[in-house]
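K.L.:
The structure that follows is given in the form of structure tokens.
Please treat every number below as a calculation from the coordinates, not as lab data. Everything quoted here is computed from the prediction, not taken from an experiment. Cβ coordinates were reconstructed from backbone atoms using ideal geometry, including for glycine residues, and neighbour counts include every protein chain displayed.
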Amino acid sequence: LLLVEYVSNSAPESLAILFAHMPQLLLQVGLEGLESWTRIGIRMAEGDRERRLRFFRLDDPSAIRWLQRASGQIGFADMEAKLRPFLTALWGDSPPLRETPSNAHEQTRRRAGFDGSVVRLPSSFPGFQSSDAGRLYRAVVAHIGAHLRFTRERFPIGGLKPAQIALVSLIEDARVEQLAIRELPGLARLFLPFHTVQPSSAVTAPALFARLARALADPSYEDPNPWIAKAREAFLREDPHDQQLSRRIGNLLGNDLGQMRIQFDPRNYVVQPPYRDDNLGLWDFGDDDSQAADAEQVLSSARIRQEENDERPDRVEQESRPDGEAGRVQMEPLRMEGVLAARYAEYDYVTGREQPDWVSVKEYPANAAPAEQVARLRDERGDLAGRVTALIRSARVSRAERLRRQSEGEFLDIDACIDAAIARRIGETPSPRIHGRYERRSRDLSVLLLLDVSQSTNDRVANGRRTVLDIERQAAALLSQAMSGLDDPFAIAAFCSDRREDVRYTRIKDFSQPYDSLVEARLAGLQGSFSTRLGAAIRHAGADLATQRSYRRLLLVVSDGEPSDIDVEDRRYLVEDARKAVQGLSRLGVNTFCVGLDSNAESYLGRIFGQKNAFSIATIDRLTDLLPKLYLALGR
């Protein structure tokens with residue numbers, strides 16, 4: 001009832017459509033999954049009535065993808081980033097991967113395909129468990145990679161009958177797999193588990209084709225059918241490097257099938273086993289449209305056109321280069337556009353679920369302005385800079401060292417006690433230093449300073465002379481000067497957001513870079529704009545910080561208010577997501593603190609970061625009050 005009430009208030013035009021699909025949806029995802037999926041659809045539409053209707057009618061491809069995720073299925077969206085480096089590692093090539101359009105023919109959606117250098121993969125493989133689906137996707141791209149490697153030229157359609165086309169394709173599948181397994185023997189363990197067909201009395205074309213596929217792939221498989229035995233014998237006699245063997249054997253088997261009076265229905269034929277593609281990429285249709293139409297019937301597919309490359313405009317491709325490191329994203333900075341760095345989940349407090357890959361973080365190059373602006377802000381408070389440096393220098397944030405042979409301490413030093421007892425027995429004066437204690441004697445700390453540069457940071461603070469962004473720059477400069485002088489590893493980044501598809505993250509200084517005039521020029525070039533989607537920025541900064549090998553890792557967020565974005569109406573939603581992000585970093589061993597500048601949102605900051613980890617200051621002088629509290633908390 002609560003779900004119905006929510007939809008009637010937020011998307012009344014979609015209520016009837018949702019009711020019509022509800023039995024099917026409940027069967028697939030259950031009540032909790034349905035609620036999560038419904039809220040996702042309404043949020044994605046961003047108030048657009050037509051987008052909501054397309055989503056709930058399942059006409060929107062994203063509706064199918066989110067439905068698969070709600071049901072726990074592993075699909076293309078989950079596997080895409082893993083398949084690219086896998087394919088590169090196998091064959092040294094990384095062709096573009098595309099998801100089969102949701103409006104494609106049913107048989108097309110059930111099998112993969114390729115055309116030229118573009119590989120098309122199904123949105124999911126229904127009926128397979130998560131572990132099997134992952135292996136199936138890997139088998140699919142390994143098989144298609146074998147075609148791209150060993151199928152040197154396309155077969156002309158000529159006057160072939162549909163059954164012959166299917167059989168030539170099947171023999172070619174077996175040929176390229178045999179060559180692939182010779183080169184990479186481990187592929188046999190990937191392919192063979194999907195060949196599950198057994199000999200039977202059924203003498204239909206699909207059953208015989210599936211049994212033939214196994215007979216050519218699995219040496220241990222035995223089949224009494226004479227047609228299959230003849231095919232296997234002919235295949236094993238040939239040299240697998242000769243591509244024309246597929247044409248010769250396929251033609252022969254097709255003629256035999258006709259003499260056996262076995263009917264072949266090209267409209268309903270689906271290639272088996274499921275990891276094999278529809279084989280459209282094997283055939284040259286020429287300029288004869290009728291031949292192409294017949295072949296597409298047989299192969300249950302449609303030719304992939306170049307315009308399908310833009311089928312999902314919300315996705316920013318991360319192509320791997322064959323000559324680059326497997327899986328490494330080649331990122332070239334753009335002046336006006338950000339580069340997709342990562343997708344992160346976002347937490348929905350109503351359903352208690354994380355929506356995977358919901359937010360896109362894009363990294364933007366830093367703009368520069370005269371560094372003298374920041375240098376002037378820093379030099380204005382030279383007295384404060386000295387105090388900040390002294391406070392950080394005096395802090396001891398490291399592993400506690402065990403000090404032995406102390407005159408007093410927390411525990412008895414057993415070795416010193418033994419030495420004292422021996423001294424007494426031989427008549428010497430024992431040393432009184434028989435205690436030990438733990439003490440932090442150094443500092444082992446990495447810090448990432450994350451600056452909120454949303455539109456509200458352009459507001460002036462209470463005294464009216466400076467903006468919130470000016471205070472952020474000054475605080476960053478003072479802290480950076482102190483940490484740089486003490487050789488503490490630290491980084492600086494800034495963020496804002498323009499809806500969930502564009503959380504803007506700018507690197508001002510990386511851990512490996514020195515703090516110099518270039519960094520100060522980037523600080524000076526910061527401009528306040530857009531909104532504050534805090535959770536995604538925290539996750540992205542935390543992932544960077546988690547790679548540091550320091551004893552303590554500190555994410556220090558400097559912000560002026562509560563999280564918000566223009567595509568979110570529920571004020572609590574982003575607060576709870578940011579809180580979840582902080583909790584996630586805590587599990588990774590990253591401490592997160594927040595400094596609120598001239599902020600009226602202290603209660604929100606306390607909710608997100610914890611009351612002891614959120615501080616509010618109105619002037620830069622309060623930094624000297626803040627730092628002892630912060631380092632005291634880290635030293636616990």
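K.L.:
Based on the alpha-carbon gyration tensor of the stretch 89-307 and its eigenvalue square roots a ≥ b ≥ c, which shape applies: rounded if a/c is under 1.5, prolate if not and a/b is larger than b/c, or oblate?
P.N.:
Judged from the Cα gyration tensor, the stretch 89-307 comes out rounded (a/c under 1.5).
K.L.:
Would you mind classifying the stretch 148-248 by shape? Square roots of the alpha carbon gyration tensor eigenvalues, ordered a ≥ b ≥ c; an a/c under 1.5 is rounded, otherwise it is prolate if a/b is larger than b/c and oblate if not. Can you show the working numbers first?
P.N.:
Numbers: a/c = 1.76, a/b = 1.08, b/c = 1.63.
It comes out oblate by the Cα gyration axes.
K.L.:
Can you tell me, using C-alpha contacts under 8 Å and at least 6 residues apart, the relative contact order of the stretch 65-188 as a whole percent? Don't skip to the answer; put the middle values down first.
P.N.:
Details: 111 pairs, mean separation 28.4, N = 124.
Relative contact order comes out at 23 percent.
K.L.:
Go through the stretch 75-172 and name the GluC sites (Glu not before Pro) that are in a DSSP coil and have 15 or fewer other Cβ atoms within 10 Å of their Cβ. Don't skip to the answer; put the middle values down first.
P.N.:
Values: sites: Glu80, Glu99, Glu106, Glu153, Glu172; in loops: Glu153.
When the GluC sites (Glu not before Pro) of the stretch 75-172 are filtered for loop state and at most 15 Cβ neighbours within 10 Å, Glu153 remain.
K.L.:
Also: Among 450-458, 352-360, what's the highest-first ranking by average C-beta atoms within 10 angstrom per residue? Intermediate results must be reported in sequence, preceding the final value.
P.N.:
Numbers: 450-458: 22.9, 352-360: 18.1.
Ranked from most to least packed, the peptides come out as 450-458, 352-360.
K.L.:
Enumerate the lysines that Lys362 could reach by cross-link, defined here as Cα to Cα under 27 Å, with residues fewer than 8 away along the same chain left out.
P.N.:
Within reach: Lys82, Lys509, Lys580.
K.L.:
Can you pull out the GluC sites (Glu not before Pro) in the stretch 180-267 that DSSP calls coil and that have at most 15 other Cβ atoms within 10 Å? Working shown, then result.
P.N.:
Working: sites: Glu183, Glu222, Glu233, Glu238; in loops: Glu222, Glu238.
Counting only loop positions with at most 15 other Cβ atoms within 10 Å, the GluC sites (Glu not before Pro) in the stretch 180-267 are Glu222, Glu238.
K.L.:
Given C-alpha coordinates of the stretch 1-72, what is the ratio Rg to Rh with the Kirkwood estimate of Rh? Could you put the intermediate results ahead of the total?
P.N.:
Numbers: Rg = 10.8 Å, Rh = 11.8 Å.
Checking Rg against Rh, the ratio lands at 0.91.
K.L.:
Let me ask you something else. Relative contact order, percent, of the stretch 89-307 when contacts are C-alpha pairs under 8 Å separated by at least 6 residues? Each step should come with its number before you reach the end.
P.N.:
Numbers: 284 pairs, mean separation 67.7, N = 219.
Relative contact order of the stretch 89-307: 31 percent.
K.L.:
Run the quick spin-label model on Tyr551 and Arg189: label points 7 Å from Cα toward the beta carbon, then report their separation in nm to one decimal.
P.N.:
Distance between label points: 4.3 nm.
K.L.:
Want the number for Val461 to Tyr349: 0.36 nm per residue separation, take away the alpha-carbon distance, what's left?
P.N.:
Values: separation 112, 0.36 × 112 = 40.32 nm, distance 3.27 nm.
Extra length available between Val461 and Tyr349 comes to 37.1 nm.
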